[in-house]
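*Asks:* I have a structure here, written as structure tokens, and I will follow up with some questions on it.
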Amino acid sequence: MSVEGSSKASIARVNGISPATVDRWTLRASREAARFGDRTLRDVSATELQADELRGFTESKKSRQFVFVALEVGARLWLSTVVGRRTKRSTRLLARDSRRRVSFGQERVLIATDPFRYYRHELSKAWGRRVCTSSRAKRSRAGG
């Protein structure tokens, strides 16, 4: 229900449980999903990755958070995730984590990104000569 956009309060109301219980279940599910990913996403064969960040807000909507992601394009696999501010540190963590998950036997990997200033340096640092980065600015429609 949470994935469908229902609030914690509405999930609690429909199921006859406390909103605190919904919080605990959501936290438990997210921790288990992270553990599962850490155990199973190893030695992934990848030729093309896409790195990007999604912007979100905390409950007060005053603090922005970003979800940095690295996707394996061919398999549509969500390879790596880092949650935090839009900083060099978050970019570095994503670059290192994605490199840790991809198999070492591959010649080169193409990583497409947006032009966020830290991607090129941090990806080159984490991946070395095995990476070829490509960044492209997003186009917006006229009047939109």
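The values are calculated or read from the model by the stated rules, or taken from the named source; none is laboratory data. Since the model is a prediction, treat every value here as computed from it, not as a measurement. Note: ideal-geometry Cβ built from the backbone for every residue, glycine included; neighbour counts use all protein chains shown.
*Asks:* Tell me which residues, restricted to the stretch 3-43, are touching a residue at least 24 places away in the same chain (Cβ under 8 Å) and among the acidic types (Asp, Glu).
*Replies:* Across the stretch 3-43, the qualifying residue is only ASP43.
*Asks:* When only residues in the stretch 55-78 that are of a type in the set (Phe, Trp, Tyr) and touching a Leu at 6+ places or on another chain (Cβ under 7 Å) count, which is surrounded by the most Cβ atoms within 10 Å (Cβ to Cβ)?
*Replies:* PHE68
*Asks:* Next question, about the same structure. Provide a single number: the residues in the stretch 79-134 that are among the aliphatic types (A, V, I, L, M) and surrounded by fewer than 17 Cβ atoms within 10 Å (Cβ to Cβ).
*Replies:* Qualifying residue count, the stretch 79-134: 2.
*Asks:* Then there's this: Output yes when any residue across the stretch 44-54 is without any contact (Cβ under 8 Å) to a residue 40 or more places away in the chain and either closer than 25 Å to THR113 by Cβ or surrounded by 11 or more Cβ atoms within 10 Å (Cβ to Cβ) (or both), and no when none is.
*Replies:* Yes, that holds for at least one residue.
*Asks:* Which residue pairs have Cβ atoms closer than 8 Å, lie 6 or more positions apart in sequence or on different chains, and pair a first residue in the stretch 122-144 that is assigned by TED's automatic domain parsing to the domain that holds ASP52 and closer than 18 Å to ALA95 by Cα with a second residue that is exposed (fewer than 14 other Cβ atoms within 10 Å of the Cβ) and modelled with pLDDT under 75?
*Replies:* Final answer for the pair search is ARG130/GLN106.
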